[in-house]
1. Is there any pair linking a residue in the range 6-24 that is farther than 16 Å from ALA110 by Cβ to one that is part of a helix (DSSP H, G or I) and open to solvent by 40 Å² or more (accessible area, probe 1.4 Å), with Cβ under 9 Å and at least six apart or on different chains, and which?
2. If I filter the range 94-109 down to residues being surrounded by 11 or more Cβ atoms within 10 Å (Cβ to Cβ) and out of contact with any Leu (no Cβ under 8 Å at 6 or more places or on another chain), which single residue comes out as nearest to SER8 (Cα to Cα)?
3. Could you tell me whether any residue of the range 35-50 is at pLDDT 75 or above and of a type in the set (D, E, K, R)?
4. Going by the conditions given, is SER31 among the polar types (S, T, N, Q), modelled with pLDDT of 65 or more and loosely packed, with under 11 Cβ neighbours inside 10 Å?
5. Mind checking which residues of the range 7-28 are at pLDDT 75 or above and either β-branched (Val, Ile, Thr) or not in a helix (DSSP H, G or I) (or both)?
6. Identify the single condition in (1) under 20 Å from the mean Cα position of the chain (by Cα); (2) open to solvent by 60 Å² or more (accessible area, probe 1.4 Å); (3) modelled with pLDDT under 65 that ARG60 does not satisfy, given that it satisfies every other one.
7. Here is a check on your reading of the model: is LEU112 open to solvent by less than 50 Å² (accessible area, probe 1.4 Å), at pLDDT 85 or above and assigned to a helix (DSSP H, G or I)?
Amino acid sequence: MLLIIAISTFVCITLGMLGVYWLFMRPQSASTERLKRLANTSGGSATVSVSLDEEHAGERFADRIATPLNRLVPASAAEVQKLQKKLMQAGFRSNHAPIIYRTIQLLTMATLPAMIALNMRDSGAALE
């Protein structure tokens, strides 16, 4: 039973972190980019006004979190290259995708055991 709880906790946390990552870093589709360029060149009344600050706010937030963690546990250049290729094939085309992925990985490695230990402590107290 404890194994099922641990696995469920891991899956929930992982999916939550991936959801947050997707929310901040999802790439825009190619058709959206073409429509923006068309709107800017046509000069018509239907213009798209998206500032660069709004588009890259998620990247700046992720960089602020990821940079200190990657200084603690740096990845080799070969690992980053392979990871970036895999993430690009999965649809994450940002230059910061490997850094953010490693940050999520390191945070999960740190928080999951702590959460399980707290759960074990609480369940042990309930049994007494």
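The values are calculated or read from the model by the stated rules, or taken from the named source; none is laboratory data. On a predicted model such as this, the values are computed, not experimentally measured, just so you know. Neighbour counts are summed over all protein chains in view; Cβ atoms, including those assigned to glycine, are modelled from backbone coordinates with ideal geometry. Each accessible area value is taken on the protein alone, full model and side chains, heavy atoms only, with ligands, DNA and RNA left out. Shrake-Rupley method; radii C 1.70, N 1.55, O 1.52, S 1.80 Å.
1. The qualifying pairs are TYR21/TYR101; PHE24/ALA57; PHE24/GLU59; PHE24/PHE61.
2. First, pick out the residues of the range 94-109 that are surrounded by 11 or more Cβ atoms within 10 Å (Cβ to Cβ): 94, 96-108.
This time we only want the ones that are out of contact with any Leu (no Cβ under 8 Å at 6 or more places or on another chain), so: 94, 96, 99-100, 105, 108.
On the way: SER94: 30, HIS96: 29, ILE99: 26, ILE100: 23, GLN105: 17, THR108: 14 Å.
The residue in question is THR108.
3. Initial filter on the range 35-50 (at pLDDT 75 or above): 35-41.
Still in the list and also of a type in the set (D, E, K, R): 36-37.
Among the residues of the range 35-50, at least one is at pLDDT 75 or above and of a type in the set (D, E, K, R), which makes the answer yes.
4. yes
5. Hits for the range 7-28 are ILE7, THR9, VAL11, ILE13, THR14, VAL20.
6. Among (1) under 20 Å from the mean Cα position of the chain (by Cα); (2) open to solvent by 60 Å² or more (accessible area, probe 1.4 Å); (3) modelled with pLDDT under 65, the lone unmet condition for ARG60 is (3).
7. Details: open to solvent by less than 50 Å² (accessible area, probe 1.4 Å): yes; at pLDDT 85 or above: yes; assigned to a helix (DSSP H, G or I): yes.
Against the criterion (open to solvent by less than 50 Å² (accessible area, probe 1.4 Å), at pLDDT 85 or above and assigned to a helix (DSSP H, G or I)), LEU112 qualifies.
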